[in-house]
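Below is one structure, written out as structure tokens, with a few remarks after it.
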Amino acid sequence: MKDCIVVGAGVSGLVTARELVRRGHAVTVLEAQDRVGGRTLSVSFDGRRLDIGGQWIGPRQKHIAELVRELGLGTFPQHHAGSKLLARGEDTFRYGGVFALPRVSPWAMLDLFVARRRLHRGLARLDPRRPWASPDARAWDAITLEAWMNENVRTKDARFLLSNIARAVLAAEPDEVSFLFFLDFLRRGGTLDETAGIAGGAQETRIIEGMQTVSERMASALPEPVHLGEPVRAIRQRDRAVEVVTDRETYAGRFVAISVPPALAARIDYSVPLGRERQRLMDQLPMGSVIKFLVQYETPFWRQAGLSGEAASDRGTILMTMDATSSDGGVAALVAFSLGTSGRHWAKRTADERKRAVLAELAHLFGPKAARPVRFEEKVWVDDPWSGGCYCAVPGPGALTAFGDALRATCGRIHWAGCETAFQWPGVDGAVESGKRAAQEVHARLAIERSHTTEVRA
Ligand SMILES: Cc1cc2nc3c(=O)[nH]c(=O)nc-3n(C[C@H](O)[C@H](O)[C@H](O)COP(=O)(O)OP(=O)(O)OC[C@H]3O[C@@H](n4cnc5c(N)ncnc54)[C@H](O)[C@@H]3O)c2cc1C
């Protein structure tokens, strides 16, 4: 019997396994897909790997930074020199440098400034361990971000800019997410500017070898290879053990650590009910909606035109783009995102329709050269059966205050990892943080059980 069975070989599951192995425990990792990495996925372009899943890390994200160093991977700054673009309808504005923000009216800028101050005052009052238990949590969790903006943001332009930021960082619509969740998301990122920003923000740094390499290196260092292609279907809890059932085999362990998003954990059959709160939590944490596109070109022609590659658009195909050129400049590329409603809309279209629409939009933003890529890649995360959508879970109103405490609460011999259970940044950094916590919990319980066994023997 193993000390722990880990469900899922994304970053959090592999960190859980790695930390337990470091402490001398025997671990089996079961992964549904034929690869490790989960919501991180790096695609090879002329020998360099570019990210079509999780990609950036920021200066506050110490857990992933430390892991990247331990694994011997390199980092480089996200390219952002040059002007940015903002497309609204048929008009495209170029801004940056002396124009630090897109050209909107002074009233809208003032409005945005005031809204930002209100948001920062709100997030400073959140309990970082249990935001749902903060003094104003109930009122904030009773409304959506959209409802808060309707009350607090007066100008159309400021609402547009704030909505775009929310879509970009959550992959969800402002009328879908709880205002408490949005506020806590900003707290985890530091501030609004850090959450959405490049220099000094969560999009500051990339991994030279690609983010998926983090998982690949962890997996290859485990004493027992990850069991790929083995979706966990059922978990049976016994008196002093668990049985974890896949289509191929039943694995016995003392404990199990589940690292999959809550909405996917709901699909596993549990012999012992997990309790009403945990069940309702899993039912009420839908995932965001994103399609990510990588578009390779002969040259980074936008840089030559003084553009950074960063663009935002309200035209309904792609909401934002950035420069995705490889660290050595050998592969010139843009990355584009279809998010929220537009992500769901385009997920229903064919790959050809998506390609045509994305290239047309890139040409609208960056000029005719953008319509002639060398290579076009997409990943429709909206339809991905093993993440259920991305980037992460996006709770609607009411879920966190009602069931937030169930996020990390153990259920018998079941422990929970996964970026959704992190205290801090709910991305790759949170995945690492949660894996360390879950491993520590399992280690502590194994130590207690071993000491009991020793006492009984004595
Ligand atoms: C397009 C995109 C862009 C992103 N950008 C960023 C970014 O720039 N910065 C950032 O910090 N984060 C980003 N993220 C989010 C980040 O990738 C995730 O937060 C992180 O990778 C989650 O890791 P995890 O281990 O918690 O979960 P996952 O990666 O989802 O791992 C769970 C694993 O469990 C497996 N699994 C699921 N069900 C079962 C089952 N029943 N049995 C066995 N295995 C199962 C899955 O296949 C998966 O491998 C992005 C995500 C996407 C998709």
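Here are the numbers:
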item: Listed pairs 84/355; 84/436; 62/348; 84/292; 379/436 exceeding 27 Å between Cα atoms; result: 84/436; 62/348; 379/436
item: Label point distance in nm, residue 220-residue 199, each placed 7 Å from Cα along Cα→Cβ; result: 3.6
item: The chain, helix-only ellipticity at 222 nm - DSSP H runs n ≥ 4, -39,500 (n - 2.57), divided by all residues, nearest 500; result: -11000 deg cm²/dmol
item: Positive-end extreme of charge dipole, the range 106-197 - chosen from 196, 152, 135 (charges on Cβ); result: 135
item: Relative contact order for the range 106-197, counting Cα pairs under 8 Å that sit 6 or more residues apart, in percent; result: 37
item: For the range 351-458: accessible area per residue (Å², 1.4 Å); result: 40
item: By average C-beta atoms within 10 angstrom, highest first, the peptides 215-227, 137-149; result: 137-149, 215-227
item: Dipole moment magnitude, nearest 20 debye, the range 106-197 about Cα centre, only Lys, Arg, Asp, Glu C-beta charged; result: 320
item: Segment residue 233-residue 452, extension gain: residue separation times 0.36 nm, minus the distance between their alpha carbons; result: 75.7 nm
item: Estimated FRET transfer efficiency (residue 410, residue 92; beta-carbon r; R0 51 Å; 0.05); result: 0.45
item: Ordering of 235-242, 174-181 by packing [mean C-beta count within 10 Å, highest first]; result: 174-181, 235-242
item: Top positive-direction residue, dipole computed over the range 310-458 with Cβ charges, set 409, 359, 386; result: 386
item: Local net charge near residue 442, Cβ-Cβ under 12 Å (Lys/Arg +1, Asp/Glu -1); result: +3
item: Heavy-atom surface of the range 195-257, accessible at 1.4 Å and reported per residue (Å²); result: 42
item: Principal axis dimensions, largest first and in whole angstrom, of the range 374-458 by Cα; result: 69, 39, 23
item: Ratio Rg/Rh, restricted to the chain and using Cα atoms, in which Rh is the Kirkwood radius; result: 0.98
item: Quotient of C-alpha Rg and 2.2 N^0.38 Å, computed over the range 72-210; result: 1.14
item: Residue 127 versus residue 73: modelled label distance in nm, points set 7 Å from Cα along the beta carbon direction; result: 3.5
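The values are calculated or read from the model by the stated rules, or taken from the named source; none is laboratory data. Computed from a predicted model, the values in this text were never measured in an experiment. Quick reminder, even Gly has a Cβ in these numbers, built from the backbone with ideal geometry, and neighbours come from all protein chains shown. In case anyone asks, the SASA skips ligands and DNA or RNA and just uses the protein heavy atoms, side chains included. Shrake-Rupley method; radii C 1.70, N 1.55, O 1.52, S 1.80 Å.
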